[in-house]
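See below for the structure under consideration.
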Amino acid sequence: MTEVVWTDKTGAPEAQFGDFVDLLKPRVMRLVLFTALVGLVCAPVPVHPVIAFAALVCIGVGAGAAGALNMWWDRDIDAVMARTKGRPIPSGRVEHDAALALGVTLSGFSVVMLGLVANVFAAAFLAFTIFFYVVIYSMWLKRATPQNIVIGGAAGAFPPMVGWAVATGGIAPASVLMFLLIFLWTPPHFWALALFRNDDYTRAGVPMLPVAAGERSTRNHILAYALILAPAAIAPAFSSVGGPVYLAGAFVLNALFIRGAWAIWRRDEATAAADRCRVEKRFFGFSIVYLFLHFSLLLVEAGLRAAGLAAAGWPVLF
Amino acid sequence: MRPDSHEIYGRRRSRNVGLGIVLGALVLLIFAVTIVKLSQGQSMEGFDHQIRPTLLPATEPAE
């Protein structure tokens, strides 16, 4: 009788299911899914719940695929940054070839499925979003210019437009305003992070604004973007998806956002180092809540419209 | 030692179970979408290099 003995010579740990889930950046995926859901629900064309759910699964999988491809491409800099060195590839839990295969497969799968479930326009939009995040942002801009996050932020801003396209098959001023809200929010959000993760980006050689232009310039930029963001964030109140509830909420949120940006602008490197960037970290945390609440307010407005409680005579300018 | 008792099978168990659940969910999702699209009366056939009568717009019969 012959006995067969298996000897594992590689020493590499076997990738678990959870490691592949981590490759899809589940935290980013949650934000993508939420904003896409809001775009879909706020659109004037009703969508069957099963179709809406299936479309959101496709959008989520597409976002995850883009995340896996981003981790595949950035595996060298992820390994030297404290924030990212625990990711599946730099920690050795997943082979980089496996991440590439997963990303490419899920990208194609999600786009084709969205085309079948919803419409070709939404599928093409999702494909463009994945392309923008992986090729334009990750491969090209991220390591080339301090404005990387300004242009690359568009990738994270497309999901509500994709959700809207699932329902309507097109683009409308309201969906563009939702895009603008995330697009203009992204730079101050990431620059605040970069202020207290400066060492990480310096070590990795990523030309984030604090690395390339200095802390003072970054603080100026955060305040400038907060001021530009405010009118763009309030504008949806006067579109087909807005109303008085959104206007009141957006007004308060933007006042707080500008106050936070002002507090960052007043500080310098020494004061930030003295309290370990307490203000910057608080602003970064608030910026996440800020975006979540804006889109929640749009959901509230959609609910009020569905219940027939929309404000009569509310000016719709966009 | 039996080959299937090696601990590598244990390590792969979570991956296999996870993948099985994902594939099962995918089957259910496609089934549900199919039922909804059929119940909404959507055309289930596309152009296949040959015009079939069912793809032509319906015309009223002449009096």
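Computed from the coordinates by the stated procedures, all read-outs in this text should not be read as laboratory data. Quantities reported herein were computed from a predicted structural model and do not represent experimental measurements. All Cβ positions, even for glycine, are placed from backbone atoms using ideal geometry, and neighbour counts span all protein chains on display.
Based on the Kirkwood approach, the hydrodynamic radius assigned to segment A:172-318 is 16.2 Å, with every pair of different Cα atoms included. Under the convention that each Lys and Arg Cβ holds +1 and each Asp and Glu Cβ holds -1, the size of the dipole of segment A:187-318 around its Cα centre is about 160 debye.
The equivalent ellipsoid that matches the C-alpha gyration tensor of chain A spans semi-axes of 35, 29, 15 angstrom, in descending order. Ordering A:Gly170, A:Ala122, A:Ala274 by the projection of their Cα atoms onto the charge dipole of chain A, which places +1 on the Cβ of Lys and Arg and -1 on the Cβ of Asp and Glu, puts A:Ala274 at the extreme positive end. Shielding of peptide A:149-158 by partners, expressed as the average count of other chain Cβ atoms within 10 Å per residue Cβ, is 0. Basic side chains Lys and Arg get +1 at the Cβ, acidic Asp and Glu get -1 at the Cβ, and with that the dipole of the protein assembly as shown about its Cα centre reaches some 1140 debye.
Charges were assigned to the Cβ only: +1 to each Lys and Arg, -1 to each Asp and Glu. The resulting dipole of segment A:17-171 about its Cα centre is roughly 320 debye.
Ranking A:His294, A:Ala311, A:Phe284 by Cα position along the charge dipole of segment A:274-318, where only Lys, Arg, Asp and Glu carry charges on their C-beta atoms, puts A:Phe284 farthest toward the positive end. When a/c is below 1.5 the answer is rounded, else prolate if a/b is larger than b/c, else oblate, so apply that to segment A:51-184 with a ≥ b ≥ c taken from the square roots of the Cα gyration tensor eigenvalues. It is oblate, given that a/c is not under 1.5 and a/b is not larger than b/c. When chain A is treated as a Gaussian network with alpha carbon springs shorter than 10 Å, the biggest mean-square fluctuation among A:Leu40, A:Leu256, A:Leu177 belongs to A:Leu256.
What shape does segment A:136-252 have by the C-alpha gyration tensor, where a ≥ b ≥ c are the square roots of the eigenvalues, rounded means a/c under 1.5, and otherwise prolate means a/b greater than b/c and oblate the rest? In terms of gyration-tensor shape, oblate. Result for chain A in a Gaussian network model with C-alpha springs under 10 Å: among A:Pro90, A:Pro49, A:Pro187, the largest mean-square fluctuation is at A:Pro49.
Ranked by the mean number of other Cβ atoms within 10 Å of their residues, highest first, the peptides A:157-170, A:190-203, A:271-284 fall in the order A:157-170, A:190-203, A:271-284.
Between A:Gly103, A:Leu56, A:Ala263, the Cα set farthest toward the positive side of the dipole of the protein assembly as shown (charges on each charged residue's Cβ, about the Cα centre) is that of A:Ala263. Comparing mean-square fluctuations of A:His189, A:His96, A:His48 from a GNM of chain A with C-alpha springs under 10 Å, the top value falls on A:His48.
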